[in-house]
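The values are calculated or read from the model by the stated rules, or taken from the named source; none is laboratory data. Please read these numbers as outputs of a predicted model, since none were measured by experiment. Because the Cβ atoms are built from the backbone with ideal geometry, glycine has one as well, and the counts that use them run over all protein chains shown. In case anyone asks, the SASA skips ligands and DNA or RNA and just uses the protein heavy atoms, side chains included. Shrake-Rupley method; radii C 1.70, N 1.55, O 1.52, S 1.80 Å.
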Amino acid sequence: MEHSPEHLPTTEAAVTALRALAARHGREIEVIHDIGADRTSRRSAAGVGVTTDPDGSLPHEAQVEFDGLPRVSVRLYPEDDALITVEGVECPDIARDDVPAFLRSVFGGLAHVRARRFPPGHRLVVPLPGDRAHHEHIPAFLLGPWLSRRIR
């Protein structure tokens, strides 16, 4: 079941796609919006009391929390990328257009943990469209029950 990447030109478009994805997987989500350079995490250099970018636009971030297991949160940034956290494992720099495919892999059971004997280590592997995959190192202390059940 491979999906081509969706084009999500704005944070709001991504939030709409995540709401639909949550509904398909029977999950509730909570969304917190941060709008304006004075509220977004990456715009602290804009100055105190400044709400717009130099071009006059309002930067828009959103934090999305999914209920259930695995525990998943998504931080959508105005720069067309996201930070996705799966069971405490942070996956930074995910292209905003890849966020729905990333989550479909996680919720659909395609994401897995690859174990290495020497040197010992674990990596979260999340398949993406186009024969791509996101790989993220898992610190040993984060290897909880959900991740442990996905070791290959």
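Which residues, counting only those in region 113-126, are open to solvent by less than 40 Å² (accessible area, probe 1.4 Å) and out of contact with any Asp or Glu (no Cβ under 6 Å at 6 or more places or on another chain)?
Of everything in region 113-126, those that are open to solvent by less than 40 Å² (accessible area, probe 1.4 Å) and out of contact with any Asp or Glu (no Cβ under 6 Å at 6 or more places or on another chain) turn out to be Val113, Gly121, Val125, Val126.
Of everything in region 86-105, what is farther than 16 Å from Ala14 by Cβ, touching a strand residue (DSSP E or B) at 6+ places or on another chain (Cβ under 7 Å) and open to solvent by less than 50 Å² (accessible area, probe 1.4 Å)? Give them in sequence order.
Passing the criteria: Val86, Val89, Ser105.
Considering only residues that are open to solvent by 70 Å² or more (accessible area, probe 1.4 Å), closer than 18 Å to Leu83 by Cβ and at pLDDT 95 or above, which ones fall in region 1-55?
Hit for region 1-55 is Glu30, nothing else.
Limited to region 64-92, what total is found for residues that are modelled with pLDDT of 95 or more and at positive phi?
Final tally of qualifying residues: 3.
Any residue in region 9-36 that is of a type in the set (A, V, I, L, M, F, W, C) sitting within a Cβ distance under 6 Å of a residue that is open to solvent by 50 Å² or more (accessible area, probe 1.4 Å)? List the pairs, counting only those 6 or more apart or interchain.
Going by the 6 Å Cβ cut-off, the qualifying pairs are Ile35/Leu58.
If a residue has to be open to solvent by 20 Å² or more (accessible area, probe 1.4 Å), over 15 Å from Thr10 (Cβ atoms) and either among the hydrophobic types (A, V, I, L, M, F, W, C) or in contact with a Pro (Cβ under 6 Å, 6 or more places away or on another chain) (or both) to count, how many in region 63-81 make the cut?
Qualifying residue count, region 63-81: 1.
Return the pair list, or none, for Cβ contacts closer than 7 Å from residues in region 137-152 that are surrounded by 14 or more Cβ atoms within 10 Å (Cβ to Cβ) to residues that are among the basic types (Lys, Arg) and at pLDDT 95 or above, at least 6 apart or on different chains.
If the second residue must be among the basic types (Lys, Arg) and at pLDDT 95 or above, the pairs left are Ile138/Arg123.
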